[in-house]
Every structure is written in structure tokens, then in C-alpha cells.
Amino acid sequence: MNNTMTKYLLIITVFFIAGCASNDKQIYAWGQYEDLVYEFHNSESTVEPQKQIELLTQSISGAKVKNKKVAPGIYAHLGMLYSSVGEADKAIAALEEERNLFPEAATFINGMLKRYQSIK
């Protein structure tokens, strides 16, 4: 390996390590979302939908207090939970909020809304 390539590799490594070492520099606030999704998909969920709604709502409030962005997927999951407890208006509002915050998910969210509204 030549000297120039070694310098570039060293610089990249330093930036990578510096990025990994930073404390609480996350762009998004995840709250309990990851744990809830894991439990929902990998075990028989012991957390009732209404309790999950409460926990996700707290995560969203916590993100706002910390001036963090709500993580991708939280509003979509919240919409699914609202749908499961029969709260159609809140389900649609949550899905639309996910689409507004993450336009790259519009195709997926539009499909969810279309399917949801066809069975509503």
C-alpha cells in the first residue's frame, strides 16, 4: 500500500471512530419503539395494543421535549395499533403523519392507507 493510500485510510478511520464515539448524537428519538416492535414480531406480545399506544405516544412526546425527530416507523406502527383497537381517524392521522415526516415512505404508506380504507 502506498503512502497516500495509507493516509486516506487513516483519515477515514479517524472520522469513523469519531462518529461512533459521540454521545447521544442520534438524529432520531426511538423511545421504546424498537423493543415494542421486537416483542410484537418475535413473541406472543404481552403488551396490549392500548398500552403500546400509550408507550409510543410517550416516546413521541419525549422526542419533542428533547428536540429530536421522531424515528421512522413510529407513526406507522402507531397507526397500525390505532387500527387494531378500532380508532380509524387516529389510525389515518398517524399514517399520514408518517408520510409527511418521511416522504420516501409515501408509496408504502399510501398502500397501507388504501388497504385500510378499503376494509374500513
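Where a number appears in this text, it was derived from the coordinates with a stated rule and is not lab data. Quick caveat: nothing in here was measured; it's all calculated off a predicted structure. Neighbour counts run over all protein chains shown; Cβ positions are idealised from the backbone, glycine included.
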Looking only at the range 74-88, decide whether some residue is within 16 Å of the chain's Cα centre (by Cα), closer than 12 Å to A29 by Cα and not aromatic (F, W, Y). yes
Take the residues of the range 54-82 that are among the hydrophobic types (A, V, I, L, M, F, W, C) and touching a residue at least 40 places away in the same chain (Cβ under 8 Å): which is surrounded by the most Cβ atoms within 10 Å (Cβ to Cβ)? I74
Consider only pairs whose beta carbons are under 8 Å apart and that are at least six residues apart or on different chains; among these, list those whose first residue lies in the range 83-94 and is of a type in the set (F, W, Y) and whose second residue is surrounded by 14 or more Cβ atoms within 10 Å (Cβ to Cβ). none
